[in-house]
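Everything on this sheet refers to the single structure shown next.
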Amino acid sequence: MDQDLKSGADPASEGMAPDTGPLPEAVVPVLAKALERATARVFRRANQLGQEARRDPWALSMSGLGGCPRQAAYRLAGVAPTDPGLSIQAEARQAMLGTWIHAGLLPHLPEVLHHADIEIPLELRVWVKDAHGARFELVIYGTADCYSHVMGGGVLDLKTVNAYRLGDVDHDGVYNAHRKQVRGYATAARQLGLPVAWVAWLYLDRSTGEALVAVEPFGEEEEAETLEHVERLWETRKAPDAARRGFRGPGLAVECDGCAWLRQCWGSGAKPGDSSALKVHDDPAVALAARKYKELAAQIKELRDEQEVYGAMVGRPEPGSYRDVDGEMIVKYQKDGEEVDTKAAVEALVLLGGEVPMKKRRGNRLIQWGRKEPEG
């Protein structure tokens, strides 16, 4: 008979750690918050390491060819970032998840795609003029996700998106920003001597893994358009603060909230998540903004009223595909969830003799039509 059984030891307890007792309930929220903060630090650290690995984090790269034109102008002009930490501290979790999906998926592409290479370092070379009119070769660096010799050679880029953006691509085609970026890779690949007859985008839904592939031919016309685009961006460096902004502003666009040139672009008082940097101060500008707001509000109301009619017509049919003469529409439903019943919570608090906490509320803004200025 086994020696442990002879001695009366419990086999299930062999090698077990001593029982320290369950975690006190009062400490559970503290631990949960600590783990949440630790996760945030992981994302920030990974983001920081990714930036430090770049050749020059503030130079224009090929991934920026389709980004904000004003940011590209700052990069090309060598304007020092006013907020360098924002690009690291920003909650760019979707971007980091995309990076990790790239790292896990790309190494397997050569196994299934004949004659494919991944993570190809490329240099896009464009002849431009310096401040004295002398021509020189501007070099923009980038790394293509995949190059394949299949069907004349082509460049494939992996884009991780959410389900809504995947649907937009399926309906409207490739995002123009993504097109400019990948055409930059294709042009650089040709300059390196690699044949390129097509460019492709593999859009991947981060939540489900659903994939959508878009392919476009690539030739001399697309190459010329790419070089001309870089030349136009180069010209904006002469007056970068006058270059067109690509996004709506802090508090309205995450791209602005995480931009290293936030205060350079929107003013010394600009802060992430705060849209007050967009505020205008002189009378004509306030009047113009109020007028546009009022006009758009009327348009939105009209569209919302019409949308409600069609929403009522749709109702809640069975999930699935529905077709008409113009194509297919897909109806899906998000999972049911729970939300706080504020009215019931207040009633319960009152019945228990508690005082309902209150806070100050700013009065709503009202914009009305005034008198028109007399003509002449």
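The values are calculated or read from the model by the stated rules, or taken from the named source; none is laboratory data. Owing to the predicted nature of the structure, the values given are computational and were not obtained by experimental measurement. All Cβ positions, even for glycine, are placed from backbone atoms using ideal geometry, and neighbour counts span all protein chains on display.
Below, the figures for the structure above:
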item	result
The stretch 177-195, subset under 22 Å from the mean Cα position of the chain (by Cα) and closer than 16 Å to Val215 by Cβ, residue surrounded by the most Cβ atoms within 10 Å (Cβ to Cβ)	Val182
Cross-chain or 6+ apart pairs with Cβ under 6 Å, the stretch 355-368 first and modelled with pLDDT of 85 or more, then β-branched (Val, Ile, Thr)	Val356/Val346
Complete set of residues in the stretch 100-131 that are in a helix (DSSP H, G or I) and surrounded by 14 or more Cβ atoms within 10 Å (Cβ to Cβ)	Ile101, His102, Leu105, Leu106, Leu109, Pro110
Close pairs (6 angstrom Cβ cut-off, 6 or more residues apart or separate chains): without any contact (Cβ under 8 Å) to a residue 60 or more places away in the chain in the stretch 131-147, in a strand (DSSP E or B) and of a type in the set (Gly, Ala, Ser) anywhere	Cys146/Ala116
Filter result for Val169 (surrounded by fewer than 20 Cβ atoms within 10 Å (Cβ to Cβ), modelled with pLDDT under 95 and outside any helix (DSSP H, G or I))	no
Only one of Gly311, Gly249 that is more than 22 Å from Ser61 (Cβ to Cβ) and assigned to a loop (DSSP other than H, G, I, E, B)	Gly249
Pair list, Cβ < 6 Å and 6+ apart or interchain, from the stretch 155-179 residues that are in the same structural domain as Glu221 (by TED's automatic domain parsing) to residues that are in a loop (DSSP other than H, G, I, E, B) and basic (Lys, Arg)	Thr160/Arg206
Matching entry among Arg323, Arg291 (being of a type in the set (Lys, Arg), part of a strand (DSSP E or B) and out of contact with any Ser or Thr (no Cβ under 8 Å at 6 or more places or on another chain))	Arg323
